[in-house]
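**Student:** Below is one structure. I have some questions about it.
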């Protein structure tokens, strides 16, 4: 099987490539070819026995998708996107990358089909940002999309494109509305959602972290490992079971900042917690206030998608996958 | 005030132009300039005292929208679209006209704003086709979009574009999900929904009509006059009252074919009803089966949108507006 990851240099794309390389298979089938594409050349994952090609290409330019798809992958993971903050700051770029990129991809698939039978599976990274504003505490899968960011609007539009192309038989399509991924590895970044990770990742290694919102803020989270699992599970799912509703919210944990901190204390003690500095930031408070707090993901559960059920497990995943299984003892 | 109608040669666009010409005003303000645009040159409405320009232009071509908008209209009614059947038969054309057309329009508005302050009101003709498939009998305004046609997918995507551009302050945007318009004037056409009109319009003038579905089929309808009223009302609505939910389902009548026929009998007698021939058509039965049957439009009602509340009134509108107020006595 030939697997392609668009956005293969991003955090989730890289971890997905590493997982497939390690397993050597996907959805029960051996993977002999792995293609990673991104605007910067993705890294070759370790230990993969099949062929790997890592290509720098911008899918938001006309014609690029057709070129990239000449190798006719069986499964395409589409994670390439401009993130929320950038799509809000640069409207044209957000629509070009996040919407036109998907459109070019689907156009290229249709174009290739005119030259011969090929029906790839397309697993699309959508986001809970398709919801926003005045929402119930628990959002069901039949709740309407009310994005409050251009990023969310673009993801919702891509979900519609995906479903229409799946309905018309061009692809096997499935869209995964990802929770906020916590604990994100790496350095603190300026994303408005960054603090959900920062307040765990930094104190675990003895560094300070800023909490810009109230302890009472509730949000929807899953670990990077669970997120990668959503994609590998979607690769093997019988899409007929989606009944034409091709995008669905992935499972996660609806948890408050206070509960995050309590879990951190349980695992790393009060000295770790003392490293969290409360510095309220009105801009971030306002943004976070428009975000979804929780979901009813019974549909995803019935289709076999799994995530962590307590925050200690999310911290444990970070310790295992990023810190070699151990945390330093804080002096 | 300068009012522009995109799709001004279509049935609703023409009636909207005639209504504005007759009133000489819109939303309580005098209209001194009316611009009608369509792919074929729209007709000049009768009796308008202000300036009228009727232009043939294809808004799905890059650059055309910017040209058309040089006159900086205060209110833009956007009704230009490829209809459902054509968007399904020709995927590329549907996306080009129905999606790119809206995109070019919004791009042109943003581009013009870079040259000087201008924030038009954009009233967009959406459709209940954004809903489809496995639905409840009564669909609320927070129900998710599950179009089962490319047309519906394109309308849903335009709703997202509209809301995003309104949120960002480029337009005052409002999207109207129109019911099926009944009784459509003119000749029987091949649209799958045509029979809802045909079985009334034709017998009223002594002509036969074909009913291709069961009498038990239930659907959501409003008259052409009520539909025009949705647009004129939307032109004056305080968009802050939409609370960022810029598109909403318009009121209508949830009624069965049997109830339509009973109303026809009341108004035109059994001889008219006898002109309806039952010829089941599996293709149309399958299509109609995926359509919405009814809506909870309390939100639209609270914002002052009005439609007929019984089918006799819809027939009466047709007799008044299309037949000069009288129906021939059937011999």
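The values are calculated or read from the model by the stated rules, or taken from the named source; none is laboratory data. Not measured: the values here are computed from a predicted model. Ideal geometry is used to build each Cβ from the backbone, glycine not excepted, and the neighbour counts take in all protein chains shown.
**Student:** Among the numbered criteria (1) at pLDDT 95 or above; (2) surrounded by 15 or more Cβ atoms within 10 Å (Cβ to Cβ); (3) part of a helix (DSSP H, G or I), which single criterion is violated by residue A:287?
**Tutor:** The one condition residue A:287 does not meet is (1).
**Student:** Going by the structure shown, is residue B:303 touching a residue at least 60 places away in the same chain (Cβ under 8 Å), closer than 30 Å to residue B:160 by Cβ and more than 17 Å from the chain's Cα centre (by Cα)?
**Tutor:** Yes, satisfied.
**Student:** In this structure, is residue B:190 at pLDDT 95 or above and over 17 Å from the mean Cα position of the chain (by Cα)? Full working, then the answer.
**Tutor:** Numbers: at pLDDT 95 or above: no; over 17 Å from the mean Cα position of the chain (by Cα): yes.
Here the answer is no, as residue B:190 does not meet what is asked.
**Student:** Go through the stretch A:243-261 and give me each residue that's in contact with a helix residue (DSSP H, G or I) (Cβ under 8 Å, 6 or more places away or on another chain) and farther than 25 Å from residue A:7 by Cα.
**Tutor:** Listed by number, the residues that qualify are A:244, A:253, A:255, A:257, A:259, A:260, A:261.
**Student:** Any residue at all in the stretch A:295-304 that's in a loop (DSSP other than H, G, I, E, B) and exposed (fewer than 13 other Cβ atoms within 10 Å of the Cβ)?
**Tutor:** Yes, the stretch A:295-304 has at least one match.
**Student:** For the condition at positive phi and more than 14 Å from chain B (Cβ to nearest Cβ), what is the one hit in A:269, A:236?
**Tutor:** Sole residue among the options that is at positive phi and more than 14 Å from chain B (Cβ to nearest Cβ): A:269.
**Student:** Of everything in the stretch A:131-149 that's in contact (Cβ under 8 Å) with a residue 60 or more places away in the chain and in contact with a strand residue (DSSP E or B) (Cβ under 9 Å, 6 or more places away or on another chain), which residue is nearest to residue A:239 (Cα to Cα)?
**Tutor:** Result: A:141.
**Student:** Checking the conditions here, which among B:101, B:140, B:85 is within 19 Å of the chain's Cα centre (by Cα) and surrounded by fewer than 21 Cβ atoms within 10 Å (Cβ to Cβ)? Show your work before the answer.
**Tutor:** Numbers: B:101 fails: surrounded by fewer than 21 Cβ atoms within 10 Å (Cβ to Cβ); B:140 fails: within 19 Å of the chain's Cα centre (by Cα).
Just one listed residue meets the conditions, B:85.
**Student:** Still on this structure, I have one more. Please indicate, with yes or no, whether at least one residue in the stretch B:117-125 is more than 13 Å from chain A (Cβ to nearest Cβ), in contact with a helix residue (DSSP H, G or I) (Cβ under 6 Å, 6 or more places away or on another chain) and buried (at least 24 other Cβ atoms within 10 Å of the Cβ).
**Tutor:** Yes, the stretch B:117-125 contains a residue that is more than 13 Å from chain A (Cβ to nearest Cβ), in contact with a helix residue (DSSP H, G or I) (Cβ under 6 Å, 6 or more places away or on another chain) and buried (at least 24 other Cβ atoms within 10 Å of the Cβ).
**Student:** Now for a different question. Tally up the residues in the stretch B:260-299 that are in contact (Cβ under 8 Å) with a residue 60 or more places away in the chain and in contact with a strand residue (DSSP E or B) (Cβ under 9 Å, 6 or more places away or on another chain), please.
**Tutor:** 19
**Student:** A further question on this structure: Looking only at the stretch B:9-22, count every residue that is within 26 Å of residue B:66 (Cβ to Cβ) and either surrounded by fewer than 19 Cβ atoms within 10 Å (Cβ to Cβ) or without any contact (Cβ under 8 Å) to a residue 60 or more places away in the chain (or both) and tell me the total.
**Tutor:** We begin by selecting, within the stretch B:9-22, every residue within 26 Å of residue B:66 (Cβ to Cβ); these are B:9-10, B:12-14, B:16-17, B:20.
Cutting the leftovers down to either surrounded by fewer than 19 Cβ atoms within 10 Å (Cβ to Cβ) or without any contact (Cβ under 8 Å) to a residue 60 or more places away in the chain (or both) gives us B:9, B:14, B:17.
Counting residues in the stretch B:9-22 that are within 26 Å of residue B:66 (Cβ to Cβ) and either surrounded by fewer than 19 Cβ atoms within 10 Å (Cβ to Cβ) or without any contact (Cβ under 8 Å) to a residue 60 or more places away in the chain (or both) gives 3.
**Student:** Among the numbered criteria (1) touching a strand residue (DSSP E or B) at 6+ places or on another chain (Cβ under 8 Å); (2) under 13 Å from residue B:3 (Cβ atoms); (3) without any contact (Cβ under 8 Å) to a residue 40 or more places away in the chain, which single criterion is violated by residue B:77?
**Tutor:** (3)
**Student:** Just give me the residues in the stretch B:23-67 being on the phi > 0 side of the Ramachandran plot, touching a helix residue (DSSP H, G or I) at 6+ places or on another chain (Cβ under 9 Å) and surrounded by fewer than 15 Cβ atoms within 10 Å (Cβ to Cβ), in sequence order.
**Tutor:** Passing the criteria: B:28, B:47, B:63.
**Student:** Looking at A:181, A:217, can you tell me which residue is under 16 Å from the mean Cα position of the chain (by Cα) and away from every other protein chain (no Cβ under 14 Å)?
**Tutor:** A:181
**Student:** How many residues are more than 8 Å from chain B (Cβ to nearest Cβ), out of contact with any helix residue (DSSP H, G or I) (no Cβ under 9 Å at 6 or more places or on another chain) and either modelled with pLDDT under 90 or in a strand (DSSP E or B) (or both) if we restrict to the stretch A:126-149?
**Tutor:** Result for the stretch A:126-149: 3.
**Student:** Would you mind stating whether residue B:152 is assigned to a helix (DSSP H, G or I), in contact with a strand residue (DSSP E or B) (Cβ under 7 Å, 6 or more places away or on another chain), at the interface with another protein chain (Cβ under 10 Å from one of its Cβ atoms) and buried (at least 23 other Cβ atoms within 10 Å of the Cβ)?
**Tutor:** Yes; evaluated as a whole, the condition is true for this residue.
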